[in-house]
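Structure first, commentary second.
The values are calculated or read from the model by the stated rules, or taken from the named source; none is laboratory data. Source: prediction; values computed, not measured. So basically every Cβ, Gly included, is an ideal-geometry build from the backbone, and we count neighbours across all protein chains shown. Protein only, heavy atoms only, side chains kept; ligands, DNA and RNA dropped before computing areas. Shrake-Rupley method; radii C 1.70, N 1.55, O 1.52, S 1.80 Å.
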Amino acid sequence: MSAKNPAHSANEASGRTALDLDHVREDLEKVRLGTRFHYFPEIDSTNTHARQLAEKGAAEGEVVIAESQSRGRGRLGRRWQSPPFVNLYLSVILRPKLPPVHVPQITLMGAVALADAAATFISQAPTIKWPNDILVNGKKLAGILTEASCDTERVNYVILGIGVNLNYRVDRMPEEIRARATSVVELTRQEVKRESFLSRLIRDLDRCYGELEEAGFAAIARQWEARFGLRGQRVRVESLDQMVLGRAQGIDEDGALLVEDDQGKLQRVVAGDVIPLEP
Ligand code: BTN
């Protein structure tokens, strides 16, 4: 972590305040994640940089965080809007002792932690759209991009990349996402202190990651299911090699989405995009 954030004074002068990570670090004393912040006023993608650090041996819990991203990446090759000073863009390096097949559990664990953190800042209950979109009133508040490096037997590292819309006003969003996205300021009509959200998020991640390690995925799956917003709803699930139409049921013990298709057969989906349909 930079001891004094050089972007701080310059941007205060222009009315935009950079993250005060010294404050966050103090708040996270004794928390296993967030042990070190790699801070950038601007970066291509925090996930890309976190991968490079992980390849060079960065420790579990190190976090790459940026005020803005020039090539913020979303799931399925999409772009993640990353304007400066209003949101959070971070990537957490994890080194879970899990077989590669269980990497999706980390993604779902991240979604539970992110939804829990968001719930403390807004009065509406956030829901999760499989696998890890955080929605409020059907609009996207936050998303997670998980990237992993594995060999045949074990996971080398997982990068949990998180983007959250905090003080991003809808009228500043590009036209193409305006109708589908929301932010904390839009929901509460009050700007949120980004450091407070960051601390809360790292604490919730730390707690959920600990639960996953100690109690196993069942404990996380229960919390995920409690926030799942599409149970029983008609959906279309699109992935590279399949398209499923049916009613979303929940997740299985590996975190795969279960959909009862229109022929009454239970389909298991491991990757793809879920599109809610009219009942
Ligand atoms: C999605 O919902 O499509 C996932 C969005 C993930 C965005 C975050 S922002 C920080 C990290 N760096 C990236 O390039 N992407 C993730």
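Things to note:
- The residue list Leu145, Pro276, Gly246 was ranked by how far each Cα lies along the charge dipole of the chain toward its positive end, using unit charges on Cβ atoms, and Pro276 comes out on top.
- Taking a sphere under 10 Å around the Cβ of Arg75 and counting the other residues whose Cβ falls inside, with K and R at +1 and D and E at -1, yields a net charge of 0.
- Among the trypsin sites (Lys or Arg not before Pro) found in region 115-183, those both in a DSSP coil and sparsely packed, with 16 or fewer other Cβ atoms within 10 Å of their Cβ, are Arg154, Arg169, Arg180.
- Less than 5 angstrom separates the built amide H of Ala148 from those of Ile159, all sequence-distant by 5 or more or on a different chain.
- As a fraction of the 1.4 Å probe accessible area of region 123-249, surface on carbon and sulfur atoms comes out at 45 percent.
- The phi torsions of region 181-192, fed into the Karplus equation with coefficients 6.51, -1.76 and 1.60 and a -60° offset, translate into couplings of 10, 9, 8, 4, 5, 5, 7, 10, 6, 9, 5, 9 Hz, rounded to whole numbers, with Gly and Pro shown as x.
- Probe 1.4 Å, protein heavy atoms only - accessible area per residue of region 55-205 in square angstrom: 40 Å²
- Charging the Cβ of each Asp and Glu at -1 and of each Lys and Arg at +1, and nothing else, the dipole of region 72-141 about its Cα centre rounds to 300 debye.
- The H on the amide N of Glu67, modeled in the peptide plane, is under 5 Å from the matching H of Phe40, Glu42, each at least 5 residues off or on a different chain.
- Derived scalar couplings between HN and Hα for region 125-135 equal 8, x, 10, 10, 9, 3, x, 8, 7, 9, 10 Hz in order, rounded to whole Hz, by the Karplus curve 6.51 cos²θ - 1.76 cosθ + 1.60 (θ = phi - 60°), x for Gly and Pro.
- Sum of side-chain charges, Leu145 neighbourhood, beta-carbon under 9 Å (Lys, Arg +1; Asp, Glu -1): +1
- Under Karplus coefficients 6.51, -1.76 and 1.60, residue-wise ³J(HN,Hα) of region 61-71 in Hz, glycine/proline x: x, 5, 10, 9, 9, 9, 6, 8, 10, 7, 9
- Membrane-span-like helices in the chain, defined purely by DSSP H runs whose alpha carbon atoms cover 18 Å or more axially and whose average Kyte-Doolittle hydropathy reaches 0.5, are 103-119.
- Sequence-distant residues sharing a close amide H with Lys139 (under 5 Å, placed H): none
- Of Ser91, Ser123, the residue with the largest accessible area leads and the full order is Ser123, Ser91 (1.4 Å probe).
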